[in-house]
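First the structure, in the form of structure tokens, and then the observations on it.
The values are calculated or read from the model by the stated rules, or taken from the named source; none is laboratory data. All values derive from a computational prediction rather than experimental measurement. Glycine gets a Cβ as well: all are built from the backbone with ideal geometry, and neighbour counts include every protein chain shown.
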Amino acid sequence: MDNLKRTALADEYVKYGGKTVDFAGWFMPVEFEGIIKEHEAVRNNVGLFDVSHMGEITVKGKEALKFVNYLITNDLEKLVDNQVLYTFLCREDGSVVDDILVYRFSEEDLLLVVNASNTEKDYDWVVKNKGDFHVTIENISSITSQLALQGPKAKALLQAHTDTDLSEIKFFFAKRDVLINGVLCMVSRTGYTGEDGFEIYMPNDGAVTLYTNLIEDGALPIGLGARDTLRFEANLPLYGNELSDHWTPIEAGFGFFVKVDKEAFLGKEVLAKQKAEGVDRKIVGFTMGDKKIPRHGYRVLKDGEEIGFVTTGYKSPTLGEIIGLAMVKTEFSKIGTEIDIEVRNKTSKAEVRSRKFLKR
């Protein structure tokens, strides 16, 4: 794996016993002490993720807000400064380029945080659609590290390392120039786990100090395995699973983040029509009737007819149930509908249920 990209914390994975994999071209830890233990640490205590492989793109200039609002499905006009927005970059046909976070520091100063596997694609997409907008676009991913401290005890742990009152950072808001153990950071109250927590951005040279200090103070290092089970339980989508080049946010069940009443944006015509008229397929939750694990891509059947495919499936560490998400024909999406999942050429019974697996 010598040819893989590495974050500033790559050597720390080995130090803390991480099992590493190739993830979208990055050398990343899949687990440290086991996925279940790490999952439960985040649900009940506090865990620390290195997510420095994520991409960061700045958009600045007098038309920054107008430009980014044209690129995304959600509405930046409704935010105040230092607020964070979850949204989608879509093509004209409504398909998803990526799901991203947009940080609005001012109308002329925005930060896009994008998925690691899509960083170059997203940057090229933003630049391609710049047109005549008066903006400056910069990919700062290579000089930026990002940690995610997540769990019910995340605030108490992080507060011990900074004089900034973290209670002043509300959910989906950010604060710049937060000094944490001598490292100047930008901190947001965001995450990908369904728990309270913070995402911490800093220059690469500050990452090792902060990562080490937080682990020494009680945070458990968490790998990509638990990151996926945590986000799945919280009904948070993963690009390549619930989001794709081949369907829209409406079909994926995230129409709330598509504001068709705002001014023109890429994909608006198609997405507005889908919102008004409905869609032929949608992603649903389901519960398995036996102990077989449904994997991504497995076929979904009804009376022998193929009606869709699994996007994600796991035995939920929190619920103890085998659950999944699947894209199915809308006529079979009603809660309580009995379906079959084809697992290794044999069918297993399943039932459509709410996607709100984790109740908070």
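A compact table of results
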| read-out | value |
| --- | --- |
| Those residues of region 254-282 which are among the hydrophobic types (A, V, I, L, M, F, W, C), in contact with a helix residue (DSSP H, G or I) (Cβ under 9 Å, 6 or more places away or on another chain) and touching a residue at least 40 places away in the same chain (Cβ under 8 Å), in sequence order | Val258, Ala264, Phe265, Leu266, Leu271, Val279 |
| Qualifying strands (runs of 3 or more DSSP E) (wholly inside region 78-186; at least 1 residues being basic (Lys, Arg), in the same structural domain as Pro29 (by TED's automatic domain parsing) and out of contact with any Pro (no Cβ under 6 Å at 6 or more places or on another chain)) | 174-180 |
| Residues that are under 16 Å from Glu351 (Cβ atoms) and free of Cβ contacts under 8 Å to residues at least 12 places away in the same chain, drawn from region 283-330 | Asp303 |
| Count - residues of region 193-218 that are of a type outside the set (Asp, Glu), touching a residue at least 60 places away in the same chain (Cβ under 8 Å) and surrounded by fewer than 22 Cβ atoms within 10 Å (Cβ to Cβ) | 8 |
| So Gly18, is it crowded, with 21+ Cβ neighbours inside 10 Å and under 23 Å from Arg231 (Cβ atoms) | yes |
